[in-house]
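Read the structure below first, then the notes.
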Amino acid sequence: MPQLIEPELLRSFIAIAEAGSFTEAALRVHRTQSAVSMQMKRLEDLVGRRLFEKAGRGVSLSRDGERLLTHARRVLRAHHEALAAFDRDALDGRVTLAAPDDYASTFLPGILARFSASHPRVEVEMVCESSERLVRKVGAGEIDLALVTEGCGETNGTVVHREQLVWAASATHDVHERDPLPLALFHPGCSFRKAALDRLAATGRTSRIAYTSLSIAGLHAALASGLAVAVLARSSLRQGMRVLDERHGLPALPDFGIVMIRRPGAPSALLDALETHIKESFRIPPPIAA
């Protein structure tokens, strides 16, 4: 009979593919690093292919590993769906989760993928708007859960993540040498925008707002073209960008918190599960850059 691949092997394999590290994948699947390494040795023996390659301080998938990843995700999804179909206690229903688009593009793909795998009956509707608008909508009961920037009008909630703000620019342009300094910033009212303007004013550095955008894609476009400097969360940096600091004549920026807020109202097992999942997801270390 043909060999069968155990779901736990595929679960660890997917964790390594997402984390880029055996050590961090072990934290995700609650095993030791040596146990995960043994699992991957067994998986490679089963498929008869090398699945990983060294990539800086971590690992990346080989071409055969990339092929297996598609199948692994499909198999695990079917596995969870089969179990949920016969689990009378499995959560089902619909929940609305919201975030500004920079958090949605950076943090939510992994969070939602893991939640879907463990709760296949739940439908999650995503909403992307500014933190200020999301605070109002959560308070009005229009949105169940939201991730918003600290200091945008929220009166309660839980800080699930802290991160440093950075000055970002194209790696191939010297736009920071212009005077006044051209800036690409989020919309008025954004705390990132306020932090940038306040710090520049405090140091006497002249600047002008060259681009304003409601979306992270708009700021990325301005940076890629070398036309402006932006203030971003470090996690929002992309290939081709560099971080500027005091050595480039720019003041230090503060850190910021991401706050999870929940609609007021009756208790909900579904919201409890999603809230707990999000908190646990932010405790997972980010992937190691190659």
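Being of a type in the set (A, V, I, L, M, F, W, C) and farther than 25 Å from Ser116 by Cα is the filter here; which residues of segment 52-82 pass it? Give the steps one after another, and end with the answer.
Just the residues of segment 52-82 that are of a type in the set (A, V, I, L, M, F, W, C), to begin with: 52, 55, 59, 61, 68-69, 72, 75-76, 78, 82.
Across segment 52-82, the qualifying residues are Phe52, Ala55, Val59.
Take the residues in segment 179-211 that are of a type outside the set (A, V, I, L, M), out of contact with any helix residue (DSSP H, G or I) (no Cβ under 8 Å at 6 or more places or on another chain) and under 22 Å from Arg238 (Cβ atoms), then tell me which one is surrounded by the most Cβ atoms within 10 Å (Cβ to Cβ). Ranking the qualifying residues of segment 179-211, first place goes to Phe192. Residue-level check: of (1) at pLDDT 95 or above; (2) in a helix (DSSP H, G or I), His71 misses just (1). Across segment 13-27, the number of residues qualifying as outside any helix (DSSP H, G or I) and within 16 Å of the chain's Cα centre (by Cα) comes to 1. The single condition among (1) in contact with a helix residue (DSSP H, G or I) (Cβ under 8 Å, 6 or more places away or on another chain); (2) modelled with pLDDT under 95 that Ala171 does not satisfy is (1). Arg31 fulfils the conditions (1) under 16 Å from Ala113 (Cβ atoms); (2) touching a helix residue (DSSP H, G or I) at 6+ places or on another chain (Cβ under 9 Å); (3) not hydrophobic (A, V, I, L, M, F, W, C) except for a single criterion, (1).
Scanning segment 230-267 for residues that are of a type outside the set (A, V, I, L, M) and free of Cβ contacts under 8 Å to residues at least 12 places away in the same chain, we see that the one that is nearest to Gly218 (Cα to Cα) is Gln239.
Which members of segment 74-97 meet the condition of being small (Gly, Ala, Ser) and at pLDDT 75 or above?
Hits for segment 74-97 are Ala78, Ala82, Gly93.
Considering (1) modelled with pLDDT of 95 or more; (2) among the β-branched types (Val, Ile, Thr); (3) out of contact with any Asp or Glu (no Cβ under 9 Å at 6 or more places or on another chain), the lone condition that Thr212 does not fulfil carries the number (1). In this structure, Glu142 does not qualify as among the acidic types (Asp, Glu) and either assigned to a strand (DSSP E or B) or at positive phi (or both).
Of everything in segment 225-263 that is part of a helix (DSSP H, G or I) and over 21 Å from the mean Cα position of the chain (by Cα), the residue that is nearest to Ser191 (Cα to Cα) is Glu246. Ser105 fulfils the conditions (1) in a strand (DSSP E or B); (2) surrounded by fewer than 19 Cβ atoms within 10 Å (Cβ to Cβ); (3) of a type outside the set (D, E, K, R) except for a single criterion, (1).
Arg73 - would you say it is over 21 Å from the mean Cα position of the chain (by Cα) and basic (Lys, Arg)? Taking the combined requirement at face value, the residue does not satisfy it. Only one of the numbered conditions (1) without any contact (Cβ under 8 Å) to a residue 40 or more places away in the chain; (2) among the aliphatic types (A, V, I, L, M); (3) farther than 18 Å from Ala113 by Cβ is not met by Ala25, and that is (3).
When each of Arg242, Arg247 is tested for being over 20 Å from Gly153 (Cα atoms), charged (D, E, K, R) and surrounded by fewer than 16 Cβ atoms within 10 Å (Cβ to Cβ), the lone residue that passes is Arg247. State whether the residues of segment 113-122 include one that is basic (Lys, Arg), assigned by TED's automatic domain parsing to the domain that holds Leu145 and either over 30 Å from Ser213 (Cβ atoms) or assigned to a loop (DSSP other than H, G, I, E, B) (or both). Yes, some residue in segment 113-122 is basic (Lys, Arg), assigned by TED's automatic domain parsing to the domain that holds Leu145 and either over 30 Å from Ser213 (Cβ atoms) or assigned to a loop (DSSP other than H, G, I, E, B) (or both). Count of segment 146-176 residues, restricted to those that are of a type in the set (Ser, Thr, Tyr), part of a strand (DSSP E or B) and exposed (fewer than 13 other Cβ atoms within 10 Å of the Cβ), is 0.
Screening Lys54 with (1) touching a Ser or Thr at 6+ places or on another chain (Cβ under 9 Å); (2) within 29 Å of Leu270 (Cβ to Cβ) gives one miss only, at (2).
The values are calculated or read from the model by the stated rules, or taken from the named source; none is laboratory data. Note that the structure is predicted; figures quoted are calculated from it, not measured. FYI the Cβ positions are ideal-geometry reconstructions off the backbone, even for glycines, and counts take in every protein chain you see.
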